Structures are given as structure tokens and as C-alpha cells.
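Notes follow the structure.
The values are calculated or read from the model by the stated rules, or taken from the named source; none is laboratory data. Because the structure is predicted, anything quoted here is derived from the model rather than measured. Note that we place each Cβ from the backbone using ideal geometry, even for glycine, and neighbour counts take in every protein chain shown. Ligands, DNA and RNA are excluded from the accessible area calculation, which covers all protein heavy atoms including side chains. Shrake-Rupley method; radii C 1.70, N 1.55, O 1.52, S 1.80 Å.
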Amino acid sequence: SLLSPRFQVRPIPRHRRQAAEDPTCAGSELLSTTYISPLSSSSSTSSPRPIFAAPYVTSTTGTGLVHTSPAHGVEDWEAWRAFQSRLDPSKPLGDVLCAVDGTGRFSEVLGQMAEEGVRERLIGKEVLGDGTGAVIDLLREHGKLLKEVEVAHKYPYDWRTKKPVIFR
């Protein structure tokens, strides 16, 4: 995930636990930390994912915190590559998994990235169609959906079909 250094984080208390105060932190305080995918279960072997900054993520043109997909866009690829190079410049960059096939649907590669119940419900769905609703449903069922808001993304569009272009 990428963030703007000015992003403000407000912890959300669990249902049974009330926070004594409502602390915030600057986004820069989250740098070099990790998170676990919200679709992972407590028994999942999902690896922690890094939080790092990128120059194109700002708090003025969005939330200031975004998910990065190095297999799906030039900016995300460059940010991931720069982050990996800073970790260990002598280590060659590994492969990036891409769970979207040539038709814009979740593919079998998702099997390497998500647990069984998630895989079964997403594989074959259109990423920019019914797959979006399926992910939202899964987040809701896992108790991880905090708020659902429709956002107009800045996708490149194919001039002939007028459909978004998905980078792979």
C-alpha cells in the first residue's frame, strides 16, 4: 500500500473495546510498517504487506492511502521497484503475481494470493464488474468493510470501446 506523508490515521475501536482517546498519526509514521490483507483469516498464511510512500499519492486528490498493484500499472510498478531496491539493492527483483487474466477476470493465480473461500468466490469474475461487488461482499462478511463509497478512478480508456484499459 502507498500513502501520502500527510495522511491522518484514526484508529477505529473494536465493538467491545472503547478507546480512551482518539489519537491520530501522520502517514509518515506508518512507513516501514506492514498490514495483513483484510480478506485473510486468522489462520491464513498470508504474508504481511509493506506500507511505503510514493510521489503520486497525495492527500489532496484522494484519500492519501491507496492499495498498490505492481502488476497493473506503470506508477505502481515503479513505486514497488523503488521500494524493493531500497530494501536490498543487491537482490534481484522477484516476479510479481498477476491475478487478472487477459479478459479482465480474476484468474487461478489468485490461488497463490488468497485463501480457499475467497478464491472460490472471485476466480472468473470481472475485476471491473461483478468482481468488485464480490470483493465488497467478502469484506462485509469478514467484518472488514468500514465504509462503502463510490470513487471515480482515473483509468485510461480505450477510445474505440470506451472501456477502461487494465494493465497486466
Response to the item:
Over the stretch 62-147, with neighbouring protein chains present, the accessible area per residue in Å² at probe 1.4 Å is 62 Å²
Fill in: Subset of K91/K125; K125/K162; K125/K147 violating a 31 Å alpha-carbon distance limit
K91/K125
Item to complete: Would you mind computing, in nm to one decimal, how far apart the modelled labels at Y56 and W159 are, each placed 7 Å from Cα along Cα→Cβ?
Response: 2.1 nm
Worksheet entry | R0 of 22 Å, Cβ-Cβ distance I136-L31: FRET efficiency to nearest 0.05 | 0.20
Worksheet entry | Stokes-Einstein D for the stretch 46-168, Kirkwood Rh over Cα pairs, 10 °C, 1.306 mPa s (µm²/s) | 97 µm²/s
Worksheet, complete the sentence: If amide H atoms are modeled at 1.01 Å from N in the peptide plane, then the residues at a separation of 5 or more from R105, or on another chain, having amide H under 5 Å from its own are V127
